[in-house]
Amino acid sequence: MTATTLPSSMPAQVAEQEAPDAPVKPRASRDDWTMRALMLVIGLYLVVAIAIPLGSVLLRSFQTYAFALAELEIQVWDGQGWSETQSARELAEKLDLPVVADPRTASVERFQIKELFPDIKRTDETTRFRLRDLSEEGGRILIKGEVSQGSEWIEMDAATMRRALLRPAQAFGLGNYLRYIQTPALTNSVWNSLEISAITTVITVFVAFWFAYALTRTRMWGKGLFKTIALMPILVPSLLPGISLVYLFGNQGVIRELLMGESIYGPIGIVIASVFFTFPHALLILLVALGLADQRLYEAAVALRASRWRTFWTVTLPGARYGLISAAFVVFTLTITDFGVPKVIGGQYNMLAVDIYKQVIGQQNFQMGAVVSVVLLIPAVVAFAVDRVVQRRQVALLSARAVPYAPKPSRRMDLGMLGYCCAISLFILTIIGMAQFASMVKLWPYDLALSWKSYQFDLMDGGGWASYWNSIELGLWTAFVGTSVVFLGAYLVQKTRGFRLGRGLFQFLALMPMAVPGMVLGLAYIAFFNAPNNPLNLLYGTMAILVICTIAHFYTVAHLTAVTALQQMDSEFESVSASLKQPVAKMFTRVTVPVCMPAILDIGIYLFVNAMTTVSAVVFLYSKDTTLASVAVLNMDDAGDIAPAAAMAMMIFYTNVGARLIHLFISRFVLKRTQAWRAR
């Protein structure tokens with residue numbers, strides 16, 4: 001067969017019609033440009049609230065201060081003539097003088113030039129000195145409060161020289177990291193954090209797995225009750241378990257004998273409190289992992305006469321492996337980045353998150369705090385990245401023909417798991433109950449009569465009742481503004497046509513906060529927003545920056561929740577709306593929002609609860625007028641008012657319980673009106 005050719009006489013127009021159509025790029029409509037503009041606005045918020053502050057703290061970690069002694073030249077007049085020019089560094093090295101400025105006071109730290117001549121007295125009238133600064137910046141020499149200009153020789157007598165100062169030079173390098181490596185107290189905290197996080201991860205995932213197994217694979221009594229109790233730790237700040245353990249196992253604890261002479265202040269206390277704090281997070285993941293099972297696999301195991309343990313190892317465990325891995329990385333990240341638990345009960349056992357607090361608040365050493373932040377960021381980012389890779393490799397466990405797993409009654413298994421769940425629930429209720437009891441005791445342990453004395457927060461050092469109301473205000477603003485921003489951003493990234501590059505960058509920014517510890521984010525806000533030349537400096541110390549920071553801190557989980565809800569909606573909704581020439585805004589308000597209302601309400605309560613309990617990200621950002629309840633717990637504990645600290649922590653707990661009940665009531669009312677179509 002020969003190829004068909006077009007006659008030369010055929011018109012070009014006909015040839016073009018016969019040729020295959022080239023792909024046509026759809027033209028962006030006004031709604032498309034509007035959606036892209038809105039995505040750009042929210043993306044700009046994420047850049048300002050996350051990316052730029054992180055870049056600022058990274059830059060600070062490389063910022064060093066040192067005295068430019070090599071560029072300071074000195075000549076001495078001994079009565080007969082000027083000596084040879086000497087470098088100040090050579091003189092300093094002979095006297096073994098330090099030449100590195102203290103970054104805590106780098107803005108005011110000065111090097112006294114008289115230290116280079118310890119034998120010269122103020123009354124010496126025969127010796128004179130000449131100084132000159134050859135550094136590129138110049139102006140490093142201070143004489144009687146005035147800055148020298150240029151690199152010309154400055155002549156002075158001994159009395160004036162004794163008052164002359166040298167200012168430090170700012171540079172960038174690895175000096176701070178080298179000092180970090182050479183400081184055993186700081187490097188030990190890395191291994192301490194890794195060790196505690198690994199131990200906590202093993203214990204928590206093991207305990208949570210069997211608890212989830214009891215709730216999903218048995219017919220035991222009270223599953224709803226046990227699940228409710230298991231999720232209670234989410235509603236309390238991470239400081240609370242540490243406070244409770246002090247009352248239980250401290251030097252005057254009620255059951256301190258159970259530790260057999262060991263101290264609760266240190267690794268033991270951190271691990272116990274961290275298990276309490278991270279347990280519900282692991283449980284939620286494992287409930288989903290174990291909830292997806294195919295009944296036919298277990299029927300096949302029975303038909304093959306496989307034992308219960310063999311079925312567990314060959315069917316149950318492999319089916320939940322991705323959930324186990326994800327839960328392990330979540331627990332590891334939460335533990336290594338947590339600040340509240342090791343701060344309250346860590347004692348002298350250093351952890352990375354507490355090191356940041358000590359360097360910035362305790363020693364005013366911002367540069368070293370930035371270095372610790374970068375070190376803490378590394379394991380958090382690695383854990384997050386591995387977790388994302390594992391989730392992408394996960395395959396569907398249920399096919400279209402799968403039969404949902406229905407556990408069969410087993411008296412022995414059901415009673416065993418009931419006892420196990422009772423023990424875990426008792427542990428959780430003991431921690432919370434101990435905090436409540438301690439908050440109402442007049443004087444522990446001498447007068448155990450009940451009293452409301454500890455709830456008189458205005459008489460305590462820490463923030464008073466104003467801090468509690470500030471937390472509620474923060475929670476409401478975070479829930480309202482955060483839910484609006486997060487859901488709109490998720491809608492734009494899912495429903496915007498084209499603009500692949502912009503959507504990809506937006507998705508990356510939305511996932512970034514998950515890998516950023518709260519302490520690092522808070523320190524990054526200091527580096528960026530507190531800079532004097534930053535026009536956004538006016539936000540520092542206000543409620544606005546607390547709202548911005550809190551939304552940014554918990555953005556990722558809320559974003560993923562919204563994306564999951566939006567992915568359940570068929571794209572035909574938008575196609576039908578476009579064919580009817582309906583504006584996107586109308587489609588969004590009348591269809592998308594009502595359909596996704598359950599997810600929107602969940603995002604709102606998630607942000608509110610976390611705004612009430614968070615302490616790590618906001619501990620650097622509050623002012624005397626914006627002290628928060630969680631920060632007040634920390635301040636009271638530092639001041640020795642442990643009972644009032646427990647009382648404030650319980651107020652946070654009860655507020656979150658109330659918020660959950662209100663959320664449940666509103667959900668039933670709103671969903672009854674917006675989700676009626678689901679029952680048809």
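Values for this structure:
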{"read-out": "Candidate set from the stretch 122-169 (those that are surrounded by fewer than 12 Cβ atoms within 10 Å (Cβ to Cβ), outside any strand (DSSP E or B) and not β-branched (Val, Ile, Thr)); member that is modelled with the highest pLDDT", "value": "Glu152"}
{"read-out": "Candidate set from the stretch 636-659 (those that are surrounded by fewer than 17 Cβ atoms within 10 Å (Cβ to Cβ) and either touching a helix residue (DSSP H, G or I) at 6+ places or on another chain (Cβ under 7 Å) or not in a helix (DSSP H, G or I) (or both)); member that is modelled with the highest pLDDT", "value": "Val657"}
{"read-out": "Selection status of Gly475, of a type outside the set (D, E, K, R), part of a helix (DSSP H, G or I) and at pLDDT 90 or above", "value": "yes"}
{"read-out": "Sole residue being within 29 Å of the chain's Cα centre (by Cα), among the polar types (S, T, N, Q), closer than 30 Å to Leu284 by Cα and modelled with pLDDT of 85 or more, chosen from Thr561, Thr542", "value": "Thr561"}
{"read-out": "Residues of the stretch 74-90 satisfying the condition of being in contact with a helix residue (DSSP H, G or I) (Cβ under 7 Å, 6 or more places away or on another chain) and not hydroxyl-bearing (Ser, Thr, Tyr)", "value": "Ile74, Ala88, Arg89"}
{"read-out": "Of residues in the stretch 404-421 being touching a residue at least 60 places away in the same chain (Cβ under 8 Å) and part of a helix (DSSP H, G or I), the one nearest to the chain's Cα centre (by Cα)", "value": "Cys421"}
{"read-out": "Some residue of the stretch 563-582 being buried (at least 23 other Cβ atoms within 10 Å of the Cβ) and either of a type outside the set (Lys, Arg) or part of a helix (DSSP H, G or I) (or both)", "value": "no"}
{"read-out": "Residue among Phe499, Phe506 that is aromatic (Phe, Trp, Tyr), surrounded by fewer than 24 Cβ atoms within 10 Å (Cβ to Cβ) and in contact with a Gly (Cβ under 8 Å, 6 or more places away or on another chain)", "value": "Phe506"}
{"read-out": "Subset of the stretch 337-378 that is out of contact with any helix residue (DSSP H, G or I) (no Cβ under 8 Å at 6 or more places or on another chain) and in contact (Cβ under 8 Å) with a residue 12 or more places away in the chain - its residue that is farthest from Gln63 (Cα to Cα)", "value": "Gln348"}
{"read-out": "Residue match in the stretch 509-519 (condition: in a helix (DSSP H, G or I), surrounded by fewer than 20 Cβ atoms within 10 Å (Cβ to Cβ) and free of Cβ contacts under 8 Å to residues at least 40 places away in the same chain)", "value": "no"}
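Yes or no, residue by residue, for (1) aromatic (Phe, Trp, Tyr); (2) out of contact with any strand residue (DSSP E or B) (no Cβ under 6 Å at 6 or more places or on another chain); (3) under 30 Å from Met587 (Cα atoms); (4) touching a residue at least 60 places away in the same chain (Cβ under 8 Å):
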{"position": "Gly433", "(1), (2), (3), (4)": "no, yes, no, no"}
{"position": "Trp465", "(1), (2), (3), (4)": "yes, yes, no, no"}
{"position": "Gly482", "(1), (2), (3), (4)": "no, yes, yes, yes"}
{"position": "Tyr540", "(1), (2), (3), (4)": "yes, yes, no, yes"}
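The values are calculated or read from the model by the stated rules, or taken from the named source; none is laboratory data. Bear in mind the structure is a predicted one, so any value in this text is a computation, not a measurement. Counting neighbours? That spans all protein chains shown, and the Cβs are built from the backbone with ideal geometry, glycine included.
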